[in-house]
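The structure under discussion appears below in the form of C-alpha cells.
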Amino acid sequence: MTFDIEADWTLNLFCNYDCDYCFSRASTEHPLVGRISSQQYLDFFDSTQKTWLLHITGGEPFFHPDFVGLCRALTSRHYISINSNLSSPRVRDFAAEIDPSRVSYVHCGVHTAERDRRKGWRNLETNVISLLERGFPVFASLVMTPPAFAEYPRAARALAALGVPLIPKAVRGSYQGRWYPQAYTEAERSEFRGFSEEAERVTRTSTWQPDRQRATVNPLLDQYYLDGIPDFTGISCSAGRRSVSIGYDGRIFRCGTKTVLGSIFERRIKLFAEDRPCDDEYCPYWCLRYSAFEKQAAVNYPRREAPGRLQQTLVTIRGVRREIGNRIMAFSDSGRP
C-alpha cells in the first residue's frame, strides 16, 4: 500500500451508541453531512494529485447517508481505514462491495456497556465474520475506563474466538473529573499491560498485522504511555504536509482543529512544503509512527503534564459545550438521514 498523505477524517457526528467518554457524537446528524456527492468527494481528493489514505471515523460512519457508495468511490483510486462500532447492517454491504486490498484495516470500537444494553453481540459477530471471510484486516479496541477492566476478559474471549484481538485503549484527557492516563492506579496499569500482552498474542495469528501494514492507529502502543502521553511540543512534525485532519464540515486542519489548511466543500487545500514544529496539544497515533519514536518515546520525551484542577475543569466544560453545540445544531437544522 503506497500513499502520499493520510487524513484523520471525522465524516459525521450521528452515532447510535451513547458512550459516556465520547464527545464526538450527536443524537441527530449535522446538516453538512452528505452535502456533496461521493463523486464530488472523489473529485476533490483526485484534484490534489496525491494518493490518500483516509482514516474514516465519526460519530458512527456507517450512518453516513451513502457510506458504502462513498467508500466504493474513494477506493477506486485511494485507500481507506474504518473506525466503527460495526453495529450497522450496512457492514455486510461494505464487506460484499469494497475491495479489501484498498482497506488498510477495520477498527471496531467494542463499547461493552452500550453493546450489552442494545444486545448487540450476536450482530457484531455476524458483521465481523462477513469482513473476515472477505479478507479484511480487523482489530478491536476497548476504551479502558475504570469499569472496563472488569468487562475486558469476557469481551476479549468472544473476539479471540473469531481471531480478532481486543486491544485495551487508554483514556486520554478528562473523564469523570480525573485526568487520564495519569489517573490510572498502579494496579490498573499492571492489569492494562497484561491485557495488551494478551492482545499481542492474538494479533500474531490475526488478519491485522500492525508491523507489516504500518498501521497508523495502533492501540498496542498505549501500554507504554500509561504514565502520560509524550510531549512533542517544538519537535519537527510532518502534520500539514504528510498528514491532516478533516472535520464533518469539510474543513481541513493541520492537526486537531487549530490550523486550517483548506476545505473540501470549497475545493481548496494548501499543504505545508516542509515539516514544522509541533504546536498543538492534540497528539494522534501517527506522531509516534512518523517520528519512529514508538517505544523510545516512553523514555526520551517528557510527559505532557496533567493540568491543574481549574484547567481540567475548563477542559471538561469545553468538551461538554462542544457536544451540546453539536446536538443543538443537528437538532435545529436537520433530522437523521
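For labels at GLU97 and SER236 in the simple 7 Å Cα→Cβ model, what's the distance in nm?
For the pair GLU97/SER236, the computed spacing is 4.5 nm.
Just to confirm the filter: which GluC sites (Glu not before Pro) across the range 254-287 are DSSP coil and have at most 12 other Cβ within 10 angstrom of their Cβ?
On the way: sites: GLU266, GLU274, GLU281; in loops: GLU266, GLU274, GLU281.
Listed in order of number, the matching sites are GLU266, GLU274.
Which ³J(HN,Hα) values in Hz, rounded to whole numbers, follow from the phi angles of the range 126-138 under the Karplus curve 6.51 cos²θ - 1.76 cosθ + 1.60, where θ = phi - 60° and Gly and Pro get x?
Values, residue by residue: 4, 5, 5, 4, 4, 6, 5, 5, 8, x, 7, x, 10 Hz.
Would you report the distance distribution of C-alpha pairs in the range 5-333 as whole percents per 10 angstrom bin, up to the bin with the largest distance?
5, 25, 37, 27, 6, 0
Within the range 196-281, list the trypsin sites (Lys or Arg not before Pro) lying in a DSSP loop whose Cβ has at most 13 other Cβ atoms in a 10 Å radius.
Details: sites: ARG201, ARG204, ARG212, ARG214, ARG241, ARG242, ARG251, ARG254, LYS258, ARG267, ARG268, LYS270; in loops: ARG204, ARG214, ARG241, ARG242, ARG254, LYS258, ARG267, LYS270.
Those that pass, being in a loop and sparsely packed, are ARG204, ARG214, LYS258, ARG267, LYS270.
How far apart, in nm, are two points set 7 Å out from the Cα along the Cα-to-Cβ line at ARG77 and at GLU197?
Distance between label points: 4.9 nm.
Can you run the Rg to Rh ratio on the range 173-288? Use alpha carbon positions and the Kirkwood inverse-distance Rh.
Numbers: Rg = 17.2 Å, Rh = 16.6 Å.
Taking Rg over the Kirkwood Rh, I get 1.04.
Can you figure out the FRET efficiency of GLU186 with GLU274, using R₀ = 56 Å and their beta-carbon distance, to the nearest 0.05? It would help to have the intermediate numbers written out before the result.
On the way: r = 43 Å, r/R0 = 0.76.
FRET efficiency, GLU186 to GLU274: 0.85.
Using 1/(1 + (r/R0)^6) with R0 = 22 angstrom and r between the beta carbons of ALA161 and SER27, what's the FRET efficiency to the nearest 0.05?
Working: r = 33 Å, r/R0 = 1.51.
Once rounded, the FRET efficiency stands at 0.10.
Would you mind counting up the charge near GLY250? Only other residues with Cβ under 9 Å from its Cβ, with Lys and Arg at +1 and Asp and Glu at -1. Walk me through the intermediate numbers first.
Working: positive: ARG35, ARG251; negative: ASP249, GLU266.
Every neighbour counted, the sum reads 0.
In the neighborhood of ILE5, defined by Cβ-to-Cβ distances under 11 Å, what is the net charge if each Lys or Arg adds +1 and each Asp or Glu adds -1? Don't skip to the answer; put the middle values down first.
Values: positive: LYS50, ARG241, ARG242; negative: ASP4, GLU6.
Summing Lys/Arg as +1 and Asp/Glu as -1 gives +1.
Which order results if THR57, THR205 are arranged by neighbouring Cβ count within 10 Å, fewest first? Spell out each step's value before the answer.
Numbers: THR57 19, THR205 10.
In increasing order of surrounding Cβ atoms, one gets THR205, THR57.
Could you list, bin by bin from short to long, the percent of Cα-Cα pairs of the range 1-123 in 10 Å steps?
Result, from short to long distances: 13, 45, 33, 9, 1 percent.
Rule-based calculations on the coordinates, nothing more; no lab input. Just so it is clear, the structure is predicted and the values come from calculations on it, not from any experiment. Methodologically, a virtual Cβ is constructed for each residue, glycine included, from the backbone with ideal geometry; neighbour enumeration extends over all protein chains shown.
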